[in-house]
Amino acid sequence: MGSLTKADLAENLVDSIGLSKKDAKDLVEGFFDVVRHSLIERQQVKLSGFGNFEVREKSQRPGRNPKTGEEIPITARTVVTFRPGQKLKSKVEDYMQE
Amino acid sequence: MTKSELIELLIDQQSHLPVKDVELAIKSMLDHMSASLANGERIEIRGFGSFSLHYRAPRIGRNPKTGESVELSAKYVPHFKPGKELRELVNLPDNEPNDLS
C-alpha cells in the first residue's frame, strides 16, 4: 500500500469541501509550515483528538558505532517527539494485518 | 500552540477563504490522517516527517491500584519520525525564526 502524502490530503479537501486545487494545496502546506515553525521556536503544538508535538532537550549520552563497535558520544540535541492523543490511539489499536 | 490558534493563523494567511472552510479543512485533514493510520497506511509529509504504526506484543500488565494482573492483547501504536529537515532545523543552536523562509 502506498503512503498518504500532502497531495492526497489536498485532493481530499478538493473533493470533500470543494476548495480549489491551489487553495487546498496552500492550506495543506500552510498547516505543516505553521507546525514546523512553532516547533523550531521550541513551542509545543497540541492538536486535540490527534496528538501533541513536543520539543525536548536531550543531554549527551554514550553511543557506539554499530559497524565498528567504537564508542562515540551522542551529543546533546533538541528533538521533536509526538505523543498520540487518546482518540488516535484507540482508533489505531485494533489494526490487524490481513 | 493549540489547534484553534493554528487555525487562526491559517485564516489570516488564507484571508480570501471563508473562515468555516479553513476550520473544516484542518479538521478534515486530521481526520483523514487518523483514518489512514487506523487502516495501517503510512503518512509521509516531505520536509516534516512520517507517521506509521508500531507493533506492541501482548503482555501481562498490572492494575496499579489493586495490583491485580491483567492480560493486555497485542496492539498497534502511532509513531512519528521527524524528517531530516525538521530534525536539523529544530536542532540549530540558536534559532532565529526570522531567517527561515
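Read-outs throughout are calculated quantities, based only on the coordinates presented, and are distinct from any laboratory measurement. Quick caveat: nothing in here was measured; it's all calculated off a predicted structure. Counting neighbours? That spans all protein chains shown, and the Cβs are built from the backbone with ideal geometry, glycine included.
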From the option list A:LEU19, A:LEU39, single residue qualifying as in contact (Cβ under 8 Å) with a residue 40 or more places away in the chain, within 8 Å of another protein chain (Cβ to nearest Cβ) and within 18 Å of B:ILE7 (Cα to Cα) is A:LEU39
Given the conditions (1) over 23 Å from B:LEU53 (Cβ atoms); (2) assigned to a helix (DSSP H, G or I); (3) facing chain B (nearest Cβ under 7 Å), every one holds for A:ALA24 apart from (3)
Of all strands (runs of 3 or more DSSP E) fully inside the stretch B:2-73, the set with 1 or more residues that are facing chain A (nearest Cβ under 7 Å) and either loosely packed, with under 10 Cβ neighbours inside 10 Å or out of contact with any strand residue (DSSP E or B) (no Cβ under 7 Å at 6 or more places or on another chain) (or both) is B:43-45
Restricting attention to the stretch A:12-39, the residues that are under 22 Å from B:ALA38 (Cα atoms) and surrounded by fewer than 16 Cβ atoms within 10 Å (Cβ to Cβ) number exactly 2
